[in-house]
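The structure under discussion appears below in the form of structure tokens.
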Amino acid sequence: REIFGALAAQPADALLALIEAFRSDVRVNKIDVGVGVYRDSEGRTPVLRAVKEAERRLVERQASKGYLGPEGDIGYFDALKPIIFGPVDLGDRLCGLQTPGGTGALRLAAELIARARPGARILVGNPTWPNHPPILKSAGLTVVGYDHFDVATQRLTFSRMLDALSEAVPGDVALLHGCCHNPTGADFDAGQWTAIATLLRDRGVLPLIDLAYQGLGDGLEEDATGTRLVLDIVGEGLVAYSCDKNFGLYRERVGALYALSVSAEQARIVQSNLLSLTRANWSMPPDHGAAIVRVILEDAGLSFDWLAELAEMRGRIQQIRDLLAAADPMLAPLARQHGMFSTLPLSAAQVARLREERGLYMPSSGRINLAGLTPDTVAPFVDALASLR
Ligand code: PLP
């Protein structure tokens, strides 16, 4: 009674409530753009062909389920490096380990920062992925928000962002979305990345890059531009990576945390801290999903298949973006945004009207998942939005 009785009820996850409401809606023409995962044109979130084949091979060949250790599958961790960091060899300055999803990587990154600097400030642009602030705060960081996007005009408020970063002090951290910003789709171009990175370097601010959607924006290489520029210019930083979206492995929880230090000596100390934080959290990450990614990346044929399937996902998202932009001038900015998400300038009352009158489901923030639409549902979607005017 002393423990459970002292707890206060927490609000239910709004997205889960939305999923339930959609499920029980009997209207045949209902549309769900609230979903958080990729859907194909039949509305499915399929297991990729390359993943199925890798799983078959694992079942046949895996000889042991013995523990691997807190760093997880090192083959997986190493195989991702050229995809994320490109041809440069960062050598012993780069360390890190496999984590349970991008979420685990973010949590571990936050705990590492908090261990080095209890209560450290982390600058986070608004809006951001709603889980960012609770993950960072739970680890003991102080979240400092700043506006970086104007929903009404669908434009980055880049100078305001630079102003916010200019006020940072040495020892602060800046959280950046590597690509396919969730929930706005608004990414930086190379010039903007360079300006951000230069500022971070000059102010002594450590970048924490959340790279959860590589390959779902402009392409695998293109989507790494920001990450590479920032690490090159700043010379140190953290990258919280997820394979859950670009390999369609969501429930397998496949992630990694990379840390670039200024020296190999410092990297060894960082790594020892990552290992000890991991042991105190989940001890070791789950193996299966990372093993799948490793099997795919170690095999040229499977890699080729995966890249083709990734290109298909990317192409479908861009097709929907282009169709929306062509159908309604108000939606034109969506064509130059990236990834699965955009945020429409709608009030909570308008979102509720769309749900009640049109069977169109999205969270009250107005965030939509483009992959929730198909070429056939673009017209009714645009029509529903126009009914609000
Ligand atoms: N970062 C962002 C911006 C995300 O949108 C997500 C998932 O939705 C994650 C990280 C975490 O992904 P994972 O499912 O691998 O934990």
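Quick look at the numbers
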item	result
Any hit, region 370-378, residues being of a type outside the set (Val, Ile, Thr), crowded, with 21+ Cβ neighbours inside 10 Å, in contact with a strand residue (DSSP E or B) (Cβ under 6 Å, 6 or more places away or on another chain) and in a strand (DSSP E or B)	no
Of all residues making up region 21-57, the number that are part of a helix (DSSP H, G or I) and either under 27 Å from the mean Cα position of the chain (by Cα) or within 16 Å of the ligand (Cβ to nearest atom) (or both)	10
Failed criterion for ILE317 (all others in (1) buried (at least 20 other Cβ atoms within 10 Å of the Cβ); (2) in a loop (DSSP other than H, G, I, E, B) hold)	(2)
Identity of the residue in region 330-360, basic (Lys, Arg) and surrounded by fewer than 19 Cβ atoms within 10 Å (Cβ to Cβ), that ends up nearest to ASP150 (Cα to Cα)	ARG336
Matching option when the condition is hydrophobic (A, V, I, L, M, F, W, C), within 16 Å of the ligand (Cβ to nearest atom) and surrounded by fewer than 22 Cβ atoms within 10 Å (Cβ to Cβ), among ILE83, ILE74	ILE83
Filter result (under 16 Å from the mean Cα position of the chain (by Cα) and either at positive phi or more than 12 Å from the ligand (Cβ to nearest atom) (or both)) within region 99-132	GLY101, ALA110, ASN126
Every pair of residues 6+ apart whose Cβ atoms lie under 8 Å, when the first sits in region 42-70 and is at negative phi and touching a residue at least 12 places away in the same chain (Cβ under 8 Å) while the second is small (Gly, Ala, Ser) and not in a helix (DSSP H, G or I)	THR45/GLY248; PRO46/GLY248; VAL47/GLY248; LEU48/GLY248; VAL51/GLY248; PRO70/SER283
Filter result (more than 23 Å from the chain's Cα centre (by Cα) and touching a residue at least 24 places away in the same chain (Cβ under 8 Å)) within region 300-330	LEU302, LEU323, LEU324, ALA327, ASP328, MET330
Extreme residue, farthest from the ligand (Cβ to nearest atom), among residues of region 195-226 that are buried (at least 18 other Cβ atoms within 10 Å of the Cβ) and of a type in the set (Val, Ile, Thr)	VAL205
For ARG44: the one exception among (1) out of contact with any Gly (no Cβ under 7 Å at 6 or more places or on another chain); (2) crowded, with 19+ Cβ neighbours inside 10 Å	(2)
Yes/no for LEU94 being touching a strand residue (DSSP E or B) at 6+ places or on another chain (Cβ under 9 Å), away from the ligand (no atom under 12 Å from the Cβ) and in contact (Cβ under 8 Å) with a residue 40 or more places away in the chain	yes
Single residue of ALA327, ALA290 found to be more than 16 Å from the ligand (Cβ to nearest atom) and crowded, with 16+ Cβ neighbours inside 10 Å	ALA327
Count of residues meeting criterion [under 11 Å from the mean Cα position of the chain (by Cα) and either surrounded by fewer than 19 Cβ atoms within 10 Å (Cβ to Cβ) or of a type in the set (A, V, I, L, M) (or both)] in region 240-251	1
Residues satisfying the stated conditions in region 241-251, i.e. part of a strand (DSSP E or B) and near the ligand (Cβ under 7 Å from one of its atoms)	SER242
Some residue of region 38-61 being closer than 25 Å to ARG358 by Cα, at pLDDT below 95 and of a type outside the set (D, E, K, R)	yes
Restricting region 86-126 to residues that are in a loop (DSSP other than H, G, I, E, B) and of a type in the set (Gly, Ala, Ser), the residue that is surrounded by the most Cβ atoms within 10 Å (Cβ to Cβ)	ALA120
Residue within region 253-275 that is within 16 Å of the ligand (Cβ to nearest atom), within 30 Å of VAL382 (Cβ to Cβ) and not charged (D, E, K, R) present	no
Residues (of a type in the set (Gly, Ala, Ser), within 16 Å of the ligand (Cβ to nearest atom) and surrounded by fewer than 16 Cβ atoms within 10 Å (Cβ to Cβ)) located in region 133-163	SER138, GLY145
Enumerated strands (runs of 3 or more DSSP E) restricted to region 133-227, each holding at least 2 residues that are of a type in the set (Ser, Thr, Tyr) and touching a residue at least 12 places away in the same chain (Cβ under 8 Å)	142-147
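The values are calculated or read from the model by the stated rules, or taken from the named source; none is laboratory data. Computed from a predicted model, the values in this text were never measured in an experiment. All Cβ positions, even for glycine, are placed from backbone atoms using ideal geometry, and neighbour counts span all protein chains on display.
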